[in-house]
């Protein structure tokens, strides 16, 4: 089944809040070799002016990918995940994510284009905190190979 | 930070990557796609073998920038294109080398653009990898 280009322009309702845990941030930082003390040590993070340990710059992808599943896992959208390659990723941080944040995400499907048997699907996740203030914008482009 | 100059290399690093690292990233990130840990599955979908998560490589590359800045919150923007996969054989692994160079400075905004080059097995694996940072 081909990708339904009619999904372009769609915006989804805000997700339930994603709770950012201190141990999760430490584990993610360790997994990516991010050894800066602000990722691990609460006192070091507070010395820099943060309330708690700080997320590495790409951590927002964890929250964004959970929101993107609304599109990717929707059978009607026609995205065959076994044919997906991650083409591009971009973060704009309005403020750093720290442990204790509760993040709500609105998923936007910015564009779906097809050329030469390849569909390019660009999504944008707008992450915001409990006060409604913007935290991060995560733009992701997936390339989906056509069948055969 | 005020005297940063365009062309200045702010970090160079070589990172050894093993299957175990990919399994750790799969768990920590929630991206458990088997192409990143299962040789049989990777080959069945046409890959030469297990490859690293693009997001893992992207995360590795920015560490040198964070360590240079001394504050992860100073990374304001970060974007990459995933141009080539990083193969991670077992036994063995892959070596990813990162070079971070100042590409532009905006004194009025107090920001700089850092250009990142990530290579594995002699080829660039990220394209247009750039971070905008607060100095």
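The values are calculated or read from the model by the stated rules, or taken from the named source; none is laboratory data. Predicted, not measured: the structure shown is a model, and the values here were computed from it. Cβ: placed from backbone, ideal geometry, glycine included. Neighbour counts: every protein chain shown.
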Going through A:44, A:38, A:77, A:60 one at a time, which residue ends up being in contact with a strand residue (DSSP E or B) (Cβ under 8 Å, 6 or more places away or on another chain), more than 7 Å from every other protein chain (Cβ to nearest Cβ) and more than 20 Å from residue B:35 (Cβ to Cβ)? A:60
The one condition in (1) buried (at least 18 other Cβ atoms within 10 Å of the Cβ); (2) farther than 25 Å from residue B:17 by Cα; (3) in contact (Cβ under 8 Å) with a residue 60 or more places away in the chain that residue A:45 fails to fulfil: (3)
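Any chance you could count how many residues in segment B:15-43 are more than 30 Å from residue A:21 (Cα to Cα) and surrounded by fewer than 15 Cβ atoms within 10 Å (Cβ to Cβ)?
The number of residues fulfilling the criteria is 2.
Conditions (1) touching a strand residue (DSSP E or B) at 6+ places or on another chain (Cβ under 7 Å); (2) without any contact (Cβ under 8 Å) to a residue 24 or more places away in the chain; (3) facing chain A (nearest Cβ under 8 Å), marked per residue:
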position	(1), (2), (3)
B:41	no, yes, no
B:55	yes, no, yes
B:64	yes, no, no
B:68	yes, no, no
B:75	yes, no, yes
B:78	yes, no, yes
Output the helices (runs of 4 or more DSSP H) that fall wholly within segment A:1-110 and possess 2 or more residues being at pLDDT 95 or above and over 17 Å from the mean Cα position of the chain (by Cα), or say none. A:22-31, A:42-47
On the basis of being closer than 24 Å to residue A:49 by Cβ and surrounded by fewer than 19 Cβ atoms within 10 Å (Cβ to Cβ), does residue B:109 make the cut? yes
